[in-house]
Amino acid sequence: MLFACIVLPIHAAPLHIQNDVSACAAIQARAVSTQADLVLADIAIDSHKPVGDCGCLSALIQYHSEVSVGGSPQVLQSGLLAVKHSEEKRLVLATEPGLIADSPVSLRFSCAPPL
């Protein structure tokens with residue numbers, strides 16, 4: 001597993017990336033912004049090989065954004081990414097900036113379950 005901590009302007013809260021598919025794709029956060037009350041993360045994906053070649057049973061990558069509330073993780077958003085080559089994507093981290101406040105945000109990438 002690969003962990004990264006990047007301080008980005010989400011009310012000064014850090015963004016921690018956990019990449020469980022790092023053998024197939026390197027993922028870096030480029031910027032975090034708020035647009036129409038959505039907290040968005042622009043990420044760069046450097047695809048080394050297909051996700052299916054890294055032990056995943058699906059060609060999709062799953063992501064979850066979460067914060068810790070009282071020591072327990074609270075999922076803010078989750079979704080699936082189709083990654084066929086190196087590219088940039090924009091992900092929704094939260095539907096309201098207040099859900100993040102000053103809490104560190106964890107953004108985890110992993111194998112999607114088989115369809």
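When the stretch 80-90 is filtered for residues that are in contact with a Leu (Cβ under 7 Å, 6 or more places away or on another chain) and more than 18 Å from G55 (Cα to Cα), the ones remaining, listed by number, are K89, R90. Inside the stretch 92-104, residues that are open to solvent by less than 50 Å² (accessible area, probe 1.4 Å) and more than 15 Å from T34 (Cα to Cα) make up a count of 1. Quick check, is S106 part of a strand (DSSP E or B) and free of Cβ contacts under 8 Å to residues at least 24 places away in the same chain? Against the criterion (part of a strand (DSSP E or B) and free of Cβ contacts under 8 Å to residues at least 24 places away in the same chain), S106 does not qualify. Within the stretch 47-91, the set of residues being open to solvent by 40 Å² or more (accessible area, probe 1.4 Å), out of contact with any Gly (no Cβ under 6 Å at 6 or more places or on another chain) and in a loop (DSSP other than H, G, I, E, B) comprises H48, K49, P50, G55, L57, G70, G71, K84, H85, S86.
Checking the structure you have, find out if any residue of the stretch 21-39 is open to solvent by 10 Å² or more (accessible area, probe 1.4 Å), charged (D, E, K, R), touching a strand residue (DSSP E or B) at 6+ places or on another chain (Cβ under 7 Å) and touching a residue at least 12 places away in the same chain (Cβ under 8 Å). Taking every residue of the stretch 21-39 in turn, at least one turns out to be open to solvent by 10 Å² or more (accessible area, probe 1.4 Å), charged (D, E, K, R), touching a strand residue (DSSP E or B) at 6+ places or on another chain (Cβ under 7 Å) and touching a residue at least 12 places away in the same chain (Cβ under 8 Å).
Would you mind stating whether A44 is over 16 Å from D20 (Cβ atoms) and surrounded by 13 or more Cβ atoms within 10 Å (Cβ to Cβ)? For A44, the condition - over 16 Å from D20 (Cβ atoms) and surrounded by 13 or more Cβ atoms within 10 Å (Cβ to Cβ) - is met. What is the one condition in (1) open to solvent by less than 50 Å² (accessible area, probe 1.4 Å); (2) under 15 Å from the mean Cα position of the chain (by Cα); (3) at pLDDT below 90 that L107 does not satisfy? Condition (3) is where L107 drops out.
The values are calculated or read from the model by the stated rules, or taken from the named source; none is laboratory data. The structure presented is a predicted model; accordingly, all values stated were derived computationally and were not measured. Note that we place each Cβ from the backbone using ideal geometry, even for glycine, and neighbour counts take in every protein chain shown. Each accessible area value is taken on the protein alone, full model and side chains, heavy atoms only, with ligands, DNA and RNA left out. Shrake-Rupley method; radii C 1.70, N 1.55, O 1.52, S 1.80 Å.
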